[in-house]
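Chemist: This is the structure, below, for whatever I ask next.
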Protein chains: 2
Amino acid sequence: MKRRNFLKASATGLAASVMAAPAIAQTAPAIRWRMQTAWPRALDTVHGSAEALAKRVQSLTDGKFEIRVFAAPEIVPPPQIFDAVQNQTIEAGHVLSTFYIGKKMAYAFDAGVPFGLNLRQQHAWLFHGGGLAAMREVFAKAGLIQFAAGNVGVQMGGFYRKEIKTVEDLQGLKFRIGGFGGVVMRKLGVVPTQIATADIYPSLERGTIDAAEWIGPYDDEKLGLHKVAKFYYYPGWWEGSAQITILLNLAKWNELPPAYKEAFEMACHEQNVVLIAKYDALNPAALKRLIAQGVQLKQFPRAVLDACYKATMETLDEQAKADADFKKIHDSWKVFLDESNSWFRVAEASLDNYRYAAGRRR
Amino acid sequence: MKRRNFLKASATGLAASVMAAPAIAQTAPAIRWRMQTAWPRALDTVHGSAEALAKRVQSLTDGKFEIRVFAAPEIVPPPQIFDAVQNQTIEAGHVLSTFYIGKKMAYAFDAGVPFGLNLRQQHAWLFHGGGLAAMREVFAKAGLIQFAAGNVGVQMGGFYRKEIKTVEDLQGLKFRIGGFGGVVMRKLGVVPTQIATADIYPSLERGTIDAAEWIGPYDDEKLGLHKVAKFYYYPGWWEGSAQITILLNLAKWNELPPAYKEAFEMACHEQNVVLIAKYDALNPAALKRLIAQGVQLKQFPRAVLDACYKATMETLDEQAKADADFKKIHDSWKVFLDESNSWFRVAEASLDNYRYAAGRRR
């Protein structure tokens with residue numbers, strides 16, 4: 001029997017006593033929150049993850065803590081989710097923190113920085129390298145608290161109407177990209193544009209934009225961009241991995257009973273495992289289907305990656321000079337990144353690279 | 001206030017009613033289990049993970065479901081944990097499933113197979129590729145049910161008294177290694193030996209063995225093997241990743257209330273995130289310290305890896321012919337592995353490899 005049934009039995013069988021003991025009702029209050037995601041309902045991956053999380057929280061709290069999940073833009077458009085959580089229009093937002101770097105560039109470290117930490121490294125930094133606490137200091141200044149709740153991994157580099165053969169091909173490229181990657185690409189002559197999800201396909205079809213990045217094969221396939229732009233580039237270097245964040249109103253979080261907080265954190269950890277597992281299980285077949293439909297899979301040329309890497313390092317230095325919060329996180333993050341890379345290239349990368357090559361030779 | 005306090009308040013304030021309603025006590029029974037790990041208490045990583053899991057389960061069940069954690073060999077030696085869970089000497093064991101491939105080779109897929117799935121791929125296979133259910137069919141035949149509860153990642157290849165320069169250098173090598181890797185290495189003339197943890201150091205010091213593999217830098221440093229064998233090889237190709245498993249007695253699991261089962265599964269997922277995060281955060285500095293103490297970091301030569309890969313493929317084929325359970329899991333697992341590799345080498349590996357190289361050039 002579920003605990004919620006136990007409580008129900010309790011409430012029925014012991015009604016008189018319960019009414020005489022209001023303290024009990026206080027310790028297990030019924031709480032209803034609203035969480036809006038930044039994703040269309042059709043994304044069973046990221047939006048589905050938010051729904052699964054809410055269901056788990058409810059189950060772990062005997063049905064008492066209910067988080068109703070809304071898709072974008074049912075309450076507010078995605079760029080306004082941050083403000084809506086701040087002003088308690090909603091209690092929670094399910095987002096990528098990079099959507100809000102216009103407010104504070106340091107938020108980028110929460111979601112992923114160009115050529116930055118991969119998923120394993122991001123988890124290590126957040127949960128055992130001081131990253132979670134460091135980011136919470138920054139978000140607290142905005143009256144928010146953030147939770148890692150799933151990751152998308154390395155994304156694809158997007159769909160392009162023309163090949164990118166040289167660094168010069170980036171000049172004037174009208175590219176649907178947001179976040180930190182857009183800031184970096186501006187240095188290389190790219191014209192980054194932010195377009196709402198529903199408008200990406202028609203914009204690319206009409207040639208209003210030359211290219212668009214979205215997520216990875218499984219999600220990209222649903223948008224249908226491969227029908228209007230046949231070059232599909234990798235890797236999406238603008239995030240070492242893309243960490244999904246739940247932004248909560250800090251005052252509302254502080255009001256929660258400890259058991260509800262614990263349930264919420266456990267539900268986030270479940271998504272830290274199963275969301276990426278879902279992507280990793282579904283992306284391979286989706287990539288094969290896209291290629292079967294005529295998509296040309298292309299790796300960004302080395303010279304293009306070199307230019308993007310150089311522009312990224314310049315941008316990181318500039319931002320560190322411009323903002324104390326950015327500098328504080330960047331400086332410790334960079335030490336962590338360099339040390340972590342020096343280990344990951346040993347056991348992990350050497351075995352992965354050997355396996356991938358050997359499997360193809362066989 | 002914690003739910004356990006709520007229940008305590010309930011029990012105090014409503015004592016008369018509770019005594020009149022024994023059904024309530026039945027729905028939230030106090031349960032005490034014993035779980036033994038296969039690890040010495042000194043390993044704050046894997047043994048610490050089991051202790052953290054037990055604490056979380058207790059917290060999520062209002063203190064009602066208590067799992068007492070024992071280190072190896074406080075109740076039984078690690079090779080006997082499987083039997084001890086089967087015969088209910090203990091309810092749970094915290095192990096690597098490869099310890100028990102002598103009973104059934106198919107258990108290896110639960111922990112990791114040579115040149116097999118990396119951590120991300122293992123999670124994808126288990127949680128979204130049918131792997132968990134497939135493995136449960138096999139373990140159920142032994143009266144057990146298994147849960148993934150943390151991962152060690154790719155391990156190191158161990159400490160060697162002499163360099164391994166050619167395939168011939170493996171001939172007659174007395175190597176402390178267990179599991180599937182030992183089976184494969186026998187084909188190459190290695191003499192695999194299984195030695196209890198406490199005996200590894202003196203055996204290597206005396207030259208009773210020529211080499212020993214244990215875990216990764218952070219754990220290895222504690223054993224001190226670098227003081228008696230200076231060549232430290234990578235990668236530990238005998239598992240694509242090393243998945244920690246909790247083996248439960250199936251009948252005892254089936255007796256648990258659903259809420260306790262849910263708490264247990266959430267606690268496992270937390271460890272699926274935080275154990276590897278801890279390893280990934282601590283291994284880099286440990287590797288640096290080992291190198292500073294004179295350890296020579298070496299990659300297995302390509303020819304050695306090729307020979308090991310070939311011997312692994314032969315072993316997989318032989319085992320598939322010898323055992324129906326092995327064949328059933330292997331055949332679907334192999335399709336998953338090949339498809340997964342074809343995706344991982346695109347976005348993930350290309351960005352990781354670029355990042356690692358660029359960071360070193362800078």
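The values are calculated or read from the model by the stated rules, or taken from the named source; none is laboratory data. Here the structure is a predicted model, which is why all the values come from computation and not from measurement. No Cβ is skipped: glycine too gets one built from the backbone with ideal geometry, and neighbour counts run over all protein chains shown. Note: areas computed on protein heavy atoms with side chains; ligands, DNA, RNA excluded. Shrake-Rupley method; radii C 1.70, N 1.55, O 1.52, S 1.80 Å.
Chemist: Give the residues of the range A:252-264 that are more than 8 Å from every other protein chain (Cβ to nearest Cβ) and either surrounded by fewer than 20 Cβ atoms within 10 Å (Cβ to Cβ) or not in a helix (DSSP H, G or I) (or both), sorted by residue number.
Modeler: A:252, A:253, A:254, A:255, A:256, A:261
Chemist: While we're on this one: Only one residue in B:160, B:100 is of a type in the set (Ser, Thr, Tyr) and either within 14 Å of chain A (Cβ to nearest Cβ) or under 26 Å from residue B:323 (Cβ atoms) (or both), so which one is that?
Modeler: Numbers: B:160 fails: either within 14 Å of chain A (Cβ to nearest Cβ) or under 26 Å from residue B:323 (Cβ atoms) (or both).
That would be B:100, the only listed residue that is of a type in the set (Ser, Thr, Tyr) and either within 14 Å of chain A (Cβ to nearest Cβ) or under 26 Å from residue B:323 (Cβ atoms) (or both).
Chemist: Determine whether the range B:75-87 contains at least one residue that is assigned to a strand (DSSP E or B), of a type outside the set (Lys, Arg), over 28 Å from residue A:257 (Cα atoms) and at pLDDT 95 or above.
Modeler: no
Chemist: Would you point out which residue out of B:134, B:148, B:142 is among the small types (Gly, Ala, Ser), over 24 Å from residue B:185 (Cβ atoms) and assigned to a strand (DSSP E or B)? It would help to see each step written out before you state the result.
Modeler: Numbers: B:134 fails: assigned to a strand (DSSP E or B); B:142 fails: assigned to a strand (DSSP E or B).
Within the list B:134, B:148, B:142, the selection yields B:148.
Chemist: A further question on this structure: Quick check on the range B:284-307. Is at least one of its residues crowded, with 23+ Cβ neighbours inside 10 Å and more than 7 Å from chain A (Cβ to nearest Cβ)?
Modeler: No, every residue in the range B:284-307 fails to be crowded, with 23+ Cβ neighbours inside 10 Å and more than 7 Å from chain A (Cβ to nearest Cβ).
Chemist: Evaluate the range B:243-251: report whether one residue or more is open to solvent by less than 40 Å² (accessible area, probe 1.4 Å) and either in a loop (DSSP other than H, G, I, E, B) or within 10 Å of another protein chain (Cβ to nearest Cβ) (or both).
Modeler: Looking for residues that are open to solvent by less than 40 Å² (accessible area, probe 1.4 Å) and either in a loop (DSSP other than H, G, I, E, B) or within 10 Å of another protein chain (Cβ to nearest Cβ) (or both), one finds none in the range B:243-251, hence no.
Chemist: Sticking with this one: Mind counting the residues in the range A:326-342 that are open to solvent by 20 Å² or more (accessible area, probe 1.4 Å) and over 21 Å from the mean Cα position of the chain (by Cα)?
Modeler: 8
Chemist: Just checking: which of the helices (runs of 4 or more DSSP H) contained wholly in the range A:173-234 hold 3 or more residues that are open to solvent by 10 Å² or more (accessible area, probe 1.4 Å) and modelled with pLDDT under 95?
Modeler: Details: elements: A:179-186, A:197-206, A:217-223.
Those helices (runs of 4 or more DSSP H) span A:197-206.
Chemist: Here is a further query. Can residue B:42 be described as modelled with pLDDT under 95, more than 14 Å from every other protein chain (Cβ to nearest Cβ) and open to solvent by 10 Å² or more (accessible area, probe 1.4 Å)?
Modeler: Answer is yes for this residue.
Chemist: Please note which helices (runs of 4 or more DSSP H) are completely contained in the range A:274-362 and include at least 3 residues that are under 15 Å from residue A:108 (Cβ atoms). Quick ask: steps written out before the conclusion?
Modeler: Numbers: elements: A:302-322, A:324-344, A:347-361.
So the answer is A:302-322, A:324-344.
Chemist: For residues in the range B:53-67 being in a helix (DSSP H, G or I) and at the interface with chain A (Cβ under 9 Å from one of its Cβ atoms), which is surrounded by the most Cβ atoms within 10 Å (Cβ to Cβ)? Don't jump to the end; show me each part of the working.
Modeler: To start, the set of residues in the range B:53-67 that are in a helix (DSSP H, G or I) comprises B:53-60.
Among the residues that remain, those that are also at the interface with chain A (Cβ under 9 Å from one of its Cβ atoms) are: B:56, B:59-60.
Values: B:56: 22, B:59: 19, B:60: 26.
Restricting to residues being in a helix (DSSP H, G or I) and at the interface with chain A (Cβ under 9 Å from one of its Cβ atoms), the top hit is B:60.
Chemist: Right, another one. Looking at (1) at pLDDT below 95; (2) more than 30 Å from residue B:45 (Cβ to Cβ); (3) at the interface with another protein chain (Cβ under 8 Å from one of its Cβ atoms), find the lone condition where residue B:361 falls short.
Modeler: Residue B:361 satisfies every listed condition except (3).
Chemist: Return the residues of the range B:199-240 that are away from every other protein chain (no Cβ under 14 Å), in contact (Cβ under 8 Å) with a residue 60 or more places away in the chain and within 24 Å of the chain's Cα centre (by Cα); say none if nothing qualifies.
Modeler: Scanning the range B:199-240 gives B:222, B:225, B:226.
Chemist: Here is a follow-up. Just to be sure before I move on: is residue A:134 open to solvent by 10 Å² or more (accessible area, probe 1.4 Å) and closer than 19 Å to residue A:241 by Cβ in the structure I sent?
Modeler: Taking the combined requirement at face value, the residue satisfies it.
Chemist: Further question: If you check B:169, B:110, which single one turns out to be open to solvent by 10 Å² or more (accessible area, probe 1.4 Å) and either assigned to a helix (DSSP H, G or I) or touching a Ser or Thr at 6+ places or on another chain (Cβ under 8 Å) (or both)?
Modeler: Result: B:169 is the single residue among B:169, B:110 that is open to solvent by 10 Å² or more (accessible area, probe 1.4 Å) and either assigned to a helix (DSSP H, G or I) or touching a Ser or Thr at 6+ places or on another chain (Cβ under 8 Å) (or both).
Chemist: Now for a separate question. Restricting to the range B:88-107, what's the tally of residues that are assigned to a loop (DSSP other than H, G, I, E, B) and touching a Phe, Trp or Tyr at 6+ places or on another chain (Cβ under 9 Å)? Can you show your working first?
Modeler: Taking the range B:88-107 and keeping what is assigned to a loop (DSSP other than H, G, I, E, B), we get B:88-91, B:101-104.
Checking which are touching a Phe, Trp or Tyr at 6+ places or on another chain (Cβ under 9 Å) leaves us with B:90-91, B:101, B:103-104.
Of the residues in the range B:88-107, 5 are assigned to a loop (DSSP other than H, G, I, E, B) and touching a Phe, Trp or Tyr at 6+ places or on another chain (Cβ under 9 Å).
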